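Down below is the structure, laid out as structure tokens.
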Amino acid sequence: MRLILTRNLFSDETTLGILSIVYGGEEAERPFGFTCEDQDRGLEQDDPAGCAAGKVPKETAIPAGVYRVRRTWSPRYQRDMPEVLEVPAFRGIRIHSGNSDDDTEGCILPGLGVDPVNWLVTRSRRAAAWLDQEIGACESRGEPVTLEVRRDPAAWAAYRGTA
């Protein structure tokens, strides 16, 4: 299973995106919901030095790139939950419930609804629980789970003032 997060709304505090899923041998993306993250600072997975230099602790979205996702024990939440692995300059990145950038320290907050005026996602507990269950089911079948983080080029250019 591939999770595809396309960031499409950017501010100096919050990043909103669209989350899609691609199953098994399929090629078509299935819309799932939305995401809320901290500020996207333009970091790229293939530039670890830039990630370390550009990261503001607890206030930065993870770099764009492709990552493995696996359910692991979270000491903070005291349960197994999805973790985004091998993120340059980041540790302990989870996919968990929350509504706004106040609820994350670099993690990805999924939601079934989005409120772009207030920069938040809604129905996040339901979205996070479903993703956790689906990732667990993939793992039990021995199927890998990946997360691709990308930016909508036009939205990114407009935010950066290069459109």
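The values are calculated or read from the model by the stated rules, or taken from the named source; none is laboratory data. All values derive from a computational prediction rather than experimental measurement. Neighbour counts are summed over all protein chains in view; Cβ atoms, including those assigned to glycine, are modelled from backbone coordinates with ideal geometry.
Could you tell me how many of the residues in the range 109-140 are within 10 Å of residue 97 (Cα to Cα) and in a helix (DSSP H, G or I)?
As a first pass, look at the range 109-140 and keep what is within 10 Å of residue 97 (Cα to Cα): 109-111, 121-129.
After this cut, where a residue has to be in a helix (DSSP H, G or I) as well, the list is 124-129.
Result for the range 109-140: 6.
Looking at the range 84-99, can you tell me whether even one residue there is part of a loop (DSSP other than H, G, I, E, B) and aromatic (Phe, Trp, Tyr)?
yes
Residue-level check: of (1) surrounded by 16 or more Cβ atoms within 10 Å (Cβ to Cβ); (2) free of Cβ contacts under 8 Å to residues at least 12 places away in the same chain; (3) small (Gly, Ala, Ser), residue 106 misses just (2). Could you please find all residues in the range 117-143 being small (Gly, Ala, Ser) and on the phi < 0 side of the Ramachandran plot? Of everything in the range 117-143, those that are small (Gly, Ala, Ser) and on the phi < 0 side of the Ramachandran plot turn out to be 124, 127, 128, 129, 136, 137, 140. State yes or no: is residue 71 closer than 23 Å to residue 121 by Cβ and in a loop (DSSP other than H, G, I, E, B)? No.
Selection over the range 123-138 of residues that are surrounded by fewer than 17 Cβ atoms within 10 Å (Cβ to Cβ) and either within 17 Å of residue 94 (Cα to Cα) or of a type in the set (Ser, Thr, Tyr) (or both) gives a count of 6. Got a sec? Which of 65, 42, 50, 17 is modelled with pLDDT of 95 or more, part of a helix (DSSP H, G or I) and within 20 Å of residue 148 (Cβ to Cβ)? None of the others qualify; the one that does is 50. The set of residues in the range 75-93 that are under 17 Å from the mean Cα position of the chain (by Cα) and either buried (at least 19 other Cβ atoms within 10 Å of the Cβ) or in contact (Cβ under 8 Å) with a residue 12 or more places away in the chain (or both) comprises 81, 82, 83, 84, 85, 86, 87, 88, 89, 90, 92, 93.
When 47, 38 are checked against the criterion of being crowded, with 21+ Cβ neighbours inside 10 Å and on the phi < 0 side of the Ramachandran plot, a single residue qualifies: 38. Number of residues in the range 6-48 that are within 18 Å of residue 116 (Cβ to Cβ) and not polar (S, T, N, Q) equals 17.
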